[in-house]
1. Inside the range 127-194, counting only strands (runs of 3 or more DSSP E) that do not spill past its ends, which hold 3 or more residues that are touching a strand residue (DSSP E or B) at 6+ places or on another chain (Cβ under 7 Å) and at pLDDT 80 or above?
2. Restricting attention to the range 60-82, and to residues there that are among the basic types (K, R) and part of a strand (DSSP E or B), which single residue is surrounded by the fewest Cβ atoms within 10 Å (Cβ to Cβ)?
Amino acid sequence: MKLSLALEDAHQGPFLANDLVRASFEIRGPTFHKSPRISAKFVGTMAVSFPTQVNAASPGQITTVLFEQHKKIEYRDLQWDEDASSGESIYTTPIEFQFPDGACYCDRPQKCQLPPSLDIMEQNMRVKVSYTMTISVGRSVLGAMTKTKTVAMEIPFSCNPSTARLPRSSCVLSVPMNEKPGRYARLRDTIADQEHDDGSCPSYSPKYSPSIKVEVLLPQPAILIRGQPTPVQILVHTPTDMIESGNVYLRSVSMDLKTLVTTSTGAVPRTITQRRHGCSMAGAVKIDSELFELDSGAWGNFFVLNAKPTTESCILRMDHVVEVVTGISVGLGNDIRYAVAAFEVIVMDPPPAYEVGDAIQA
């Protein structure tokens, strides 16, 4: 007896909440003389595992069932055919399940998001979220004895962010020019002195003196679409006396995407951090005005490829942060001053492709 399970339609991309999952199930083998017992299950799980030395007295793996659906398939619902070449009987039937719109049993007024399919391992911890359709067939072999075979298929799933709070589109770094060369100045105040309520950059008021302010702008709001380029604008605000020296250079700018996956299934929340390179430039671009914009042709675009969408639920959060590092020098030597800052962004899947249907007849 051979079992096979396949999606009925060539579904492009992962499924979303409330999507129907239609599959075709096939049994090949001898003809059934007694009705088989056929059951179908659709289940979503999140498994968090870690080495014993990290987790100590806790189990090595904690598995949370996100949802579980069951169906019984009657023998009369099977369609029979015969393979002319082998003489095998072929039984087929369609199977349909639906992704739920929520995934948890918490006390929140709205259901939490289903987390996307993922399998990541970092920092001695592994998080795997999977959605699996499983079909089991039991047939009688001798009297009351039953032989059971099972076939399973993972169903890819994704989600769109449900957060109502949109991140700001700009980030401002103050590069202290009196710091020791090569030392990183980390920006502590991420909002108050960086932008006005309308999102615009404030007038030059250095946090460090003397300092140069580098403004990084993404589209408003800062939403990154996977697989699509996001234009980046770089503005450099420089004090007049430094411009008059005629010897100030932008030496480097780099932007990386950090993903923080936080699970809350155990006694203590745990976080995995992943870093992906975004875009960067290095060289020596002379700054010749108080408000200087880096040529977009010399910069490029920010791409997000393998990151999962931003997700928020009571069992798993997936947050994304863009970390920006910029370097400024006076002269072309190695005395480069750096500043680093980070700001939150939202990552989401591109919208589904529209299919052109038949023209409506008048």
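The values are calculated or read from the model by the stated rules, or taken from the named source; none is laboratory data. Note that this is a predicted model, so its numbers are computed, not measured. All Cβ positions, even for glycine, are placed from backbone atoms using ideal geometry, and neighbour counts span all protein chains on display.
1. 146-154, 170-176
2. Looking at residues that are among the basic types (K, R) and part of a strand (DSSP E or B), I get K72.
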